[in-house]
């Protein structure tokens, strides 16, 4: 079965610093989704990547999917306290069901 | 756009009570809705998938008689936890998806506490 591994598991950065979160799949991805979750709340959709080499940006967040479609990275530029939360990558393994990574807990120190 | 409303946000009830959670897509038609369970500091675990007008498909290990799912319309799915017990206490999240190549959009979750 397909598995998603996220790294790092947790991250503490000073406000203003850049950071990167990685998501690696054991199999080729048909679709890769990035979500953000605050503790005790639902997931906020950030971005969807489907093509090898695809890159998307929204405000200060950029996500990329590698050419082989097995790894994605999420990069935050000039982090702010509002970026704090749990970042989850989700994959579509070719069915309509997602599998999720274990999440990366981000804390941004003001 | 793509707003999913989940209600209630929190439920506290006695053991043996049945609890219904609603999931609504407010501005789109959801051909498929998903129900997840999340344990503290863990990722989401898919419980079941429901398509409008048909029976839900449950994941292995999920009791369908315990977790009743109804997807009566293209904008509403309900999860009923029947005869809830303390071990059913958890955070339940729904998501909804439009037809085609679209992402899942999630509700805000329901924290269920069974005393």
### Task
Report the residue count in the range A:59-110 for those that are assigned to a strand (DSSP E or B), at pLDDT below 90 and either within 10 Å of the chain's Cα centre (by Cα) or loosely packed, with under 14 Cβ neighbours inside 10 Å (or both).
0
### Task
Could you grab me the full set of residues in the range B:5-19 that are under 12 Å from the mean Cα position of the chain (by Cα) and either closer than 18 Å to residue B:68 by Cα or loosely packed, with under 12 Cβ neighbours inside 10 Å (or both)?
B:6, B:7, B:8, B:19
### Query
So residue A:52 fits all but one of (1) at pLDDT 95 or above; (2) part of a loop (DSSP other than H, G, I, E, B); (3) surrounded by fewer than 18 Cβ atoms within 10 Å (Cβ to Cβ); what number is the exception?
(1)
### Residues being more than 20 Å from residue A:99 (Cβ to Cβ) and either within 11 Å of chain A (Cβ to nearest Cβ) or at pLDDT 95 or above (or both) - total across the range B:27-37
1
### Message
I want to confirm something. Restricting to the range A:1-23 and keeping residues that are more than 27 Å from residue B:90 (Cα to Cα) and surrounded by 17 or more Cβ atoms within 10 Å (Cβ to Cβ), which single residue is farthest from the chain's Cα centre (by Cα)?
### Response
A:19
### Message
Of everything in the range B:11-32, what is touching a strand residue (DSSP E or B) at 6+ places or on another chain (Cβ under 8 Å) and closer than 19 Å to residue B:82 by Cβ? Give them in sequence order.
### Response
B:11, B:12, B:13, B:14, B:15, B:17, B:18, B:19, B:20, B:21, B:22, B:23
### Query
Looking only at residues in the range B:103-115 that are facing chain A (nearest Cβ under 8 Å) and over 11 Å from residue B:33 (Cβ atoms), which one is modelled with the lowest pLDDT?
B:103
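The values are calculated or read from the model by the stated rules, or taken from the named source; none is laboratory data. Bear in mind the structure is a predicted one, so any value in this text is a computation, not a measurement. Every residue, glycine as well, gets a Cβ built from its backbone with ideal geometry; the counts of neighbours run over all protein chains shown.
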